[in-house]
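Engineer: After the structure tokens below, expect a handful of questions from me.
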Amino acid sequence: MNGAKERLKLVKADLLEDGSFDDAVLGVDGVFHTASPVLVPHDNNIQATLIDPCIKGTINVLRACSKAKTVKRVVLTSSCSSIRYRDNVQISPLNESHWSDTEYCKRYNLWYAYAKTLGEKEAWRIAKEFSIDLVVVNPSFVVGPLIAPQPTSTLLMILGLIKGFIGEYPNTTVGFVHIDDVVASHMLAMEESRAAGRIICSSSVAHWSEIIKMLRNKYPSYPYESKCGNQKGDDNLHTMDTSKINGLGLLHFKSLPQMFDDCIKSFQEKGFL
């Protein structure tokens, strides 16, 4: 990566290991805590593979920040998943004051949303206990080019939908956002003194059937998934209020065609498509 030799230092750490982030945050001014599993196998190990890393990892990072004494602000990457899962989602537009209902998440096996909701609430509790200046960014489903040699779990899912090797597309209505806008929102959250509380970062909301139709029209040669899944509880129509991030300086979000064009172009350049 550009500038890595001069500005990037790697430190070994483990989300589940107490104190393992102490060296990483020692002497720093600001901390971005972005790490959390997203898509994992839905099996009996969900507590170990998803919930514990999300919640315990957040606790470990914030405790390290409280010990460091030099940290002026922590920016936590949460998710719109900690906002939009509730029985009365029709109160759209949803804003930063809304929280997902953990009982709703359990009822429909929405374990990522369950973990992110509990993890963010725990972050706010610890931030208050240790007087940490915490700002939380709540992105929706992140799309765009990949930086790493291999796709992340969410991009791997998109790749699977395009190549038709998953078996079905999710029965999910969700907000989407370009990775560039997510990066910009994190920078504003860290550097803008007016930033506080939670910040929604989301562009257009769509059902996956609409995404596949859009892509099939533009890239017709791929064998897209054509069958919709039967998952319940994840297809509620909703909108997200982004007036807060607009007021901080991010006035426009990249469109669905832009983010998926960048994603597919990246897949093609790296030989995945």
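Engineer: Given the stretch 4-270, what percent of its DSSP beta bridges are antiparallel, to the nearest 5?
Structural biologist: Restricted to the stretch 4-270, the bridges split so that about 15 percent are antiparallel.
Engineer: If you don't mind, another one. Tell me, how many Å apart are the Cα centres for the stretch 233-271 and for the stretch 1-40?
Structural biologist: Taking the Cα centre of the stretch 1-40 as reference, the centre of the stretch 233-271 is 26 Å away.
Engineer: Here's something else I'd like to know. Using Cα pairs under 8 angstrom and six or more residues apart, how large is the relative contact order of the chain, in percent?
Structural biologist: Computed over the chain, the figure is 20 percent.
Engineer: Which trypsin sites (Lys or Arg not before Pro) from the stretch 76-165 combine a DSSP loop assignment with at most 11 other Cβ atoms within 10 Å?
Structural biologist: For trypsin sites (Lys or Arg not before Pro) across the stretch 76-165 that sit outside H, G, I, E and B with at most 11 neighbouring Cβ atoms in 10 Å, the list is empty.
Engineer: Work out how much length Lys128 to Ser193 would gain on full extension: take 0.36 nm times their residue separation and subtract the Cα-Cα distance, in nm to one decimal.
Structural biologist: Answer, rounded to one decimal: 21.6 nm.
Engineer: If you take the beta carbon distance between Gln231 and Asp18 as r and set R0 to 41 Å, what does 1/(1 + (r/R0)^6) give as a FRET efficiency, to the nearest 0.05?
Structural biologist: 0.70
Engineer: With a/c under 1.5 counting as rounded, go ahead and sort the stretch 40-123 into rounded, prolate or oblate using the C-alpha gyration tensor (a ≥ b ≥ c being the square roots of the eigenvalues; past the cut-off, prolate if a/b is larger than b/c, else oblate).
Structural biologist: Since a/c reaches 1.5 but b/c is at least a/b, the shape of the stretch 40-123 is classed as oblate.
Engineer: Another question, then. So if R0 is 35 Å, what FRET efficiency would Ser97 and Glu210 give, r being the distance between their Cβ atoms, rounded to the nearest 0.05?
Structural biologist: 0.80
Engineer: Given a 1.4 Å probe and every protein chain left where it sits, what share in percent of the accessible area of the chain is carbon and sulfur?
Structural biologist: After summing per-atom areas, the C and S share lands at 53 percent.
Engineer: What number comes out for accessible area per residue over the stretch 152-273 if the probe is 1.4 Å? Units Å², please.
Structural biologist: 47 Å²
Engineer: Could I ask something else about it? Count neighbours as other Cβ atoms within 10 Å of each site's Cβ, and list the chymotrypsin sites (Phe, Trp or Tyr not before Pro) in the stretch 46-108 that are DSSP loop with at most 15 such neighbours.
Structural biologist: Taking the stretch 46-108 and a limit of 15 other Cβ atoms within 10 Å, the loop chymotrypsin sites (Phe, Trp or Tyr not before Pro) found are Tyr108.
Engineer: Counting only C-alpha contacts under 8 Å and six or more residues apart, can you give the relative contact order of the stretch 53-104 as a whole percent?
Structural biologist: 28 percent
Engineer: Let me ask something else. Tell me which label goes with the value of Rg and Dmax of the Cα atoms in Å computed from the coordinates here: [x] 24.9, 100; [y] 18.7, 55; [z] 23.0, 102.
Structural biologist: The calculated read-out lines up with [y].
Engineer: Between Lys218 and Thr239, what length in nm is gained on full extension when 0.36 nm per residue of separation is reduced by their alpha carbon distance?
Structural biologist: Answer, rounded to one decimal: 5.0 nm.
The values are calculated or read from the model by the stated rules, or taken from the named source; none is laboratory data. Quick caveat, the model's predicted, so the values are computed rather than measured. Here the Cβ is made from the backbone with ideal geometry for all residues, glycine too, and neighbour counts use every protein chain on show. Quick note on the areas: whole protein, heavy atoms, side chains included, nothing else; ligands and nucleic acids left out. Shrake-Rupley method; radii C 1.70, N 1.55, O 1.52, S 1.80 Å.
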